[in-house]
Amino acid sequence: MLFRSHPVIYARDRVSAYHRKRLIERKVSFIVPGNQMYLPYLGIDLREHFKMNKQGKAALRPATQSVVLYVLLRDAENLCLTLLAKELGYSIMTMSRAFDELESSGLGQTLTSRRERHFQLVGTKRVIWDKAQPLLRTPVKKRFAIEKKTDSEICFPQTGLSALSRYSTLSEPKSASIAISGIDWTILKQGYQAIDSVEDEIGTTIVEIWNYNPALFADNGLVDRLSLYLSLRDSQDERVQLALEQMIRDISWLKD
């Protein structure tokens with residue numbers, strides 16, 4: 001009774017696209033700091049589509065995001081700049097910029113030992129994942145559809161709903177989806193006719209060109225769970241959102 005005359009506002013550091021849609025449908029006031037403020041009783045719906053952090057910085061660069069994923073997906077605690085650049089396929093200068101960006105974003109710290117830079121996490125993997133999500137972007141730059149050839153195989157990791165159906169109980173789509181780097185796409189497209197349509201049609205393969213090499217973190221022919229989550233997290237399909245939550249729950253360090 002004491003708070004009857006005062007509005008109640010739901011606040012979370014992050015909200016999935018599915019739950020955001022449900023809150024708006026029910027006209028529930030909520031705030032996601034640095035992302036969205038929805039206050040229907042005041043007629044306010046402010047959204048930050050580029051997901052800036054508190055310092056006003058944009059999403060992480062692809063190379064920097066690759067380092068974050070490497071740290072989260074591998075049991076790596078003390079990362080050497082030179083070795084990591086070789087492992088991820090980036091130049092020393094690009095990796096040095098990535099270390100600077102991670103440090104300025106508060107996701108880790110760099111140390112210098114014997115003239116070699118090293119990177120260390122600040123917090124557990126779960127803490128880093130929660131803190132980094134507003135800064136992480138979808139890895140997908142562009143999507144195409146190609147006509148599947150029966151006399152050849154396309155050996156790239158599955159992504160999209162194809163991979164999600166393997167990670168969850170989601171039904172398998174009619175057409176397969178694969179993830180590929182820009183360099184590999186330049187080679188692959190020479191033997192295929194690419195079309196802009198990405199509809200789920202039998203006889204086609206959906207090709208996603210990623211801004212980092214999906215093969216770096218692929219496992220058993222599938223793209224990694226974290227990259228797949230980032231590529232589909234804005235889907236408005238309720239089934240996809242439920243499947244994503246199911247997939248993410250299976251990551252051991254997110255259960256802690």
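Brief remarks on what is shown
- Heavy-atom SASA rank of PHE30, PHE156 (probe 1.4 Å, accessible area, largest first): PHE156, PHE30
- FRET E, pair ARG22, SER113, Förster distance 51 Å, beta-carbon r, rounded to 0.05: 0.55
- When the solvent-accessible area of the range 203-256 is split by element, carbon and sulfur atoms take up 45 percent of it, the probe being 1.4 Å.
- Estimated distance in nm for a label pair at SER171 and ALA215, the labels positioned 7 Å out from Cα along Cα-to-Cβ: 3.4 nm
- Solvent-accessible area per residue for the range 71-171 (1.4 angstrom probe, square angstrom): 58 Å²
- Theoretical gain in end-to-end length, LEU83 to THR186 [0.36 nm per residue, Cα-Cα removed]: 34.3 nm
- Volume of the convex hull of the range 65-164 (Cα atoms only), normalised per residue: 144 Å³.
- On the range 101-190, 48 percent of the accessible area sits on carbon and sulfur atoms, based on a 1.4 Å probe.
The values are calculated or read from the model by the stated rules, or taken from the named source; none is laboratory data. Computed from a prediction, not measured in an experiment: that's the story for all the values here. Glycine gets a Cβ as well: all are built from the backbone with ideal geometry, and neighbour counts include every protein chain shown. In case anyone asks, the SASA skips ligands and DNA or RNA and just uses the protein heavy atoms, side chains included. Shrake-Rupley method; radii C 1.70, N 1.55, O 1.52, S 1.80 Å.
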